[in-house]
Amino acid sequence: MKIVAQYDFNGGKNAVFSKYGAELAQIEAVINSIDSTLYKTKESTEKTMMGKMLFAPMEINKAFKAEFAKIGWKNHKVNCDYVHGEYLPEYKAARATRGQPFRDMDFVKPGTKLGIEVQFGKYAFMVYNVCAKMTIFSNMGLIDTGIEIVPVKNFADEMSTGVSYFEQFAWDLHHRGTANIDIPVLILGIDA
């Protein structure tokens, strides 16, 4: 895979280049090391693409996890203790029955405050990552800058329908603008 596009959200490009140049080189090496042809393994059952072989996003995500783990990047999980109703005292939430609720950042390099999310899903998840999750992790003092890795349209067109893409995401972020709570994020558009 390769990086074919970048979008600078709230000064993300400058923040990454000035504070995390070595980490950016690692990220670029991880992206370049993944052979996308190995992950065109999903046979479509959609009417408009019946039988067509598509890229499998979950398998691509596993490849990213394996490659980032090799160089010391780790998933960072934060438990959410909202089941006690502390945020809404008049409402007593039921105790979770399926384990502890949590939020997680796909990758954080120990010793840095750079968070990475890799997203091959629906559009809402891309927006959530940049406009909510990264802000939450920043407010907790865990990251100060983010990188979001997403497919460009050409790549997304070779996946199941509904996978969002860089061009749409960058356009929306540009027209949304920034808020005083947004952190610097560099959006990387990748292609097979």
#### Entry: On Cα atoms only, tilt of 57-70 relative to the major axis of the chain in degrees
70
### Summary
Rounded to the nearest 5, the percent of DSSP beta bridges in segment 2-191 running antiparallel is 60
### Summary
Residue-normalised value, i.e. accessible area per residue, for the chain at 1.4 Å probe, in Å², stands at 53
### Query
Roughly how big is the chain's charge dipole about its Cα centre, with Cβ charges of +1 (Lys, Arg) and -1 (Asp, Glu), in debye to the nearest 20?
420
## Note on the structure
With Rg from the Cα atoms and Rh as the Kirkwood inverse mean 1/r over Cα pairs, the chain has an Rg/Rh of 1.00
### Query
Once phi is turned into θ = phi - 60°, what whole-Hz ³J(HN,Hα) does the Karplus curve with 6.51, -1.76 and 1.60 give for every residue of segment 100-113, x standing for Gly and Pro?
6, x, 8, 10, 9, 9, 3, 9, 9, 7, x, x, 10, 10
### Summary
Summed over the other residues with a beta carbon less than 14 angstrom from that of M134, with K and R at +1 and D and E at -1, the charge totals -3
### Task
Count the net charge of all other residues whose Cβ sits under 12 Å from the Cβ of G72, scoring Lys and Arg as +1 and Asp and Glu as -1.
+1
### Summary
Phi-derived 3J(HN,Hα) across segment 9-26 with the Karplus relation (6.51, -1.76, 1.60, θ = phi - 60°), rounded Hz, x for Gly and Pro, is 9, 6, x, x, 4, 5, 4, 5, 5, 7, 9, 10, x, 5, 5, 4, 4, 5
#### Entry: Choice from F166, F125, F68 showing the highest fluctuation, given a GNM over the chain with Cα pairs closer than 10 Å
F125
### Query
Ignoring ligands, DNA and RNA, what percent of the 1.4 Å accessible area of the chain is carbon and sulfur?
55
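The values are calculated or read from the model by the stated rules, or taken from the named source; none is laboratory data. What you see is a predicted model, and the numbers here were worked out from it, not measured in a lab. Quick reminder, even Gly has a Cβ in these numbers, built from the backbone with ideal geometry, and neighbours come from all protein chains shown. For accessibility, only protein heavy atoms count, side chains too; no ligands or nucleic acids. Shrake-Rupley method; radii C 1.70, N 1.55, O 1.52, S 1.80 Å.
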